[in-house]
1. Among (1) under 26 Å from the mean Cα position of the chain (by Cα); (2) farther than 26 Å from A164 by Cβ; (3) surrounded by fewer than 20 Cβ atoms within 10 Å (Cβ to Cβ), where does E311 come up short?
2. Count, please, the residues in region 168-212 that happen to be of a type in the set (G, A, S), assigned to a helix (DSSP H, G or I) and buried (at least 20 other Cβ atoms within 10 Å of the Cβ).
3. Among (1) in a helix (DSSP H, G or I); (2) within 23 Å of L208 (Cα to Cα), there is one condition R320 misses while meeting the rest; what is its number?
4. Starting from region 669-686, take each residue that is farther than 18 Å from P644 by Cα and list its partners that are surrounded by 16 or more Cβ atoms within 10 Å (Cβ to Cβ), counting only C-beta distances under 9 angstrom and pairs at least six apart or across chains.
5. Name the residue, out of M649, M598, that is more than 25 Å from F569 (Cα to Cα), crowded, with 19+ Cβ neighbours inside 10 Å and not basic (K, R).
6. Among all residue pairs at least 6 apart or on different chains, which show Cβ distances below 6 Å where the first residue, located in region 485-507, is over 16 Å from W561 (Cβ atoms) and the second is of a type in the set (K, R)?
7. Filtering region 233-258 down to residues that are among the hydrophobic types (A, V, I, L, M, F, W, C) and modelled with pLDDT of 95 or more, which residue is nearest to L325 (Cα to Cα)?
8. Take the residues in region 232-278 that are in a helix (DSSP H, G or I) and of a type in the set (K, R); name whichever of them is farthest from I315 (Cα to Cα).
Amino acid sequence: MRRSLSDLMNTLHHRACLQTKAFFHTHGDKSGRLLARMIAKKRAATYIACVRDRKGRPQYMPPQIMTALRDYYKQLYSLPGPQTDKTRQTLLEQIQKYHSKHTTRKISEIDAALLEDPITEEELSIALKSSQTGKSPGPDGLPLRYYKTFRKVLIPHFLKAFNALTRGETLPPQALMANITLLPKEGKDLTNCANYRPISLLNADIKLFAKVLATRLQPHIPNLIHCDQVGFVPGREAKDNTIRALQLIHEGRLSGRDFLLLSTDSEKAFDRVNWDFLFASLAHIGLGPQMLSWVKALYTDPSARICVNSESFPIQNGTRQGCPLSPLLFVLSLEPFLSAVRQHSDITGPVIGTTQHKIAAYADDLLFFVTNPRVSLPCILSTFKEYGVLANLKINFGKSNILSIQTTDTQYPSHLQQFPFPISRTKLKYLGIWLNVNPAENYRDNFAPLLLTLQKDLSTWNYTHISWLGRVAIIKMNLLPRLLYLFQTIPISLPKQFFSTLKSALIKYIWRGGTPRLRFDMLTRRKSRGGLAVPDFRRYHIASHLLRILDWSKSGVRKKWKDAEQDAFKVPLAALPWLPPAQDKHHGITSPYTLATMAIWRFASKTFSLSTLPSPLLPIVHNRDFALGLQAGTFCTLLSTETPRVIHMLRNNRYIPLSELYNTGPPPFLLSFKYGQLRHFLRAIP
């Protein structure tokens, strides 16, 4: 028996070893979880050694630690509200008045009716298929793979259950239970319960239901949320806010007027949302009763417990971090506040052209652009106070900051010290980048530290068990996203030394400090051309600026950074890259970011032969070589476009007859004369 058992164990052990070798052989050199875990920093121990209770006393024993954490989150998710029916009714009336005044965007009746349709099998199947497996399950212990395996059996029952919620049914309390796992915030005092990020591990079936609702609602979010808000909105990115802020800082320095930035930090913003305010937000944007009943079903008597060992407690406020619907609900509940700031006449921001800029938001990360701070800052605080009473938002004044860009006040900074915000005169951190008063310091504050960090990381990851191909995969998976974020959020020219230093670090890492066996340009070639597709970061930097050229040319999608950049001079951004280089000095461009993009465009178009010279996209209007084009009205009307170009006059390499362009009768003599002048100009182009 012992020999049989030993043989069996040896067989199982041998099989496990073979499976492990096969797994590492298959996944060890590819971008994925295995490679990411190899280079990840050692995770901090999940064991919490000590926390302070509500009286500030340190607790070291597991039962007392669990009690302290439970008490903290029970209090966080059960914020005190109205104590009587009368005060609750008064609060509800105030919420309704606030929304009536500040909720200005509504969903169309047709779209609202479509959202009322019953949930279909196709929607559930798509949501299930697009959900990633391998995630931690909720309290019921059933992973997503279980639902994918038995989807044919389970989906019909899900449809009946979810659609029954519109008829007054509710989800069982067990389904709405969540396990809260705590992630420590790096660099914080971990004895403070507030310095852990609570992630709700929901049951997979509830996440599936929430994902169906989020998928339905998401296409309508861009129309419901003003372009000041870029967080969790399809088609909007963090760079929309950072480029806008950089451009406004530049313009503010030139204006000669008082101008500052105010960055605010919200304390547990997602966890504090008042449900009455949230549901009122959804009703005022025009969601129908069935959609509202589905959302409310997720917030009817939910509960949670810390990890798995504590007692459960009820949740009475907040949107759960970990729920697919939570980000959309949060930005919808915050939008009335942003609207209140925009509508407040005493809160003023810089005016570029005809556009006034007051606020930029990435979820709860708010950045105010403030002029006349003596008047504007008290109004901002009062607006926060009004919204906070209704929606439970609380500002962490210690983590909020003021950056003074320009001041004419002889009493600076004493007049700002009356406000509860730390003050800086040099730089401010927003969305992971440093915004400096002096644009020339953006490289020193952002790119130089990142370069040192990357060199240090590559040195740390020089493990012998990571193969040649694995090292290339690490560069693509880890270094590329970090550099791309800075390339896109801070569009400046970079010195050649930056790329040469980075290239040397990559070569040293790929070849383990030895002599390179292949030229670097061969490694950067596509795999179809015999290379390894190693990122050429110089070209990625060029591509990030070319992406700005594409954004300049897009019409119909409004971006506030583009408004700020465009309003600084008269020539349309869409026309700028295609005008002759000799005209650049006449455009009056002072923005270092526009100048950097134009310089890189001129270099790239010549180096990579991106366009002929002259180009078919050569603008007719705003072109100093064609004096009549400086008066754009006639040609914009004739060619039915905001930026008439040479290509709009041609069809099959022939001029389009005036009779086709002007089809409302015989063309006037003056129009015929201008059309002839335009053809003469086009013929004269070499």
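The values are calculated or read from the model by the stated rules, or taken from the named source; none is laboratory data. Keep in mind that what you see is a predicted model, and the values were worked out from it rather than measured. We place every Cβ from the backbone using ideal geometry, glycine too, and count neighbours over all the protein chains shown.
1. The one condition E311 does not meet is (1).
2. At the first step, the residues of region 168-212 found to be of a type in the set (G, A, S) are 168, 175, 178, 187, 194, 200, 204, 210.
Applying the additional criterion that residues be assigned to a helix (DSSP H, G or I) yields 194, 204, 210.
Filter again for buried (at least 20 other Cβ atoms within 10 Å of the Cβ), leaving 204, 210.
Counting residues in region 168-212 that are of a type in the set (G, A, S), assigned to a helix (DSSP H, G or I) and buried (at least 20 other Cβ atoms within 10 Å of the Cβ) gives 2.
3. For R320, the exception is condition (1).
4. L670/T634
5. Details: M598 fails: more than 25 Å from F569 (Cα to Cα).
Selected residue: M649, the only one of M649, M598 that is more than 25 Å from F569 (Cα to Cα), crowded, with 19+ Cβ neighbours inside 10 Å and not basic (K, R).
6. Short answer, once both residue conditions are applied: F499/R538.
7. Going through region 233-258, the residues among the hydrophobic types (A, V, I, L, M, F, W, C) turn out to be 233, 238, 243, 245-246, 248-249, 254.
With the extra rule that they be modelled with pLDDT of 95 or more, the set shrinks to 233, 238, 243, 245-246, 248-249.
Numbers: V233: 12, A238: 20, I243: 28, A245: 29, L246: 32, L248: 33, I249: 35 Å.
Checking each candidate, the answer is V233.
8. This residue is R253.
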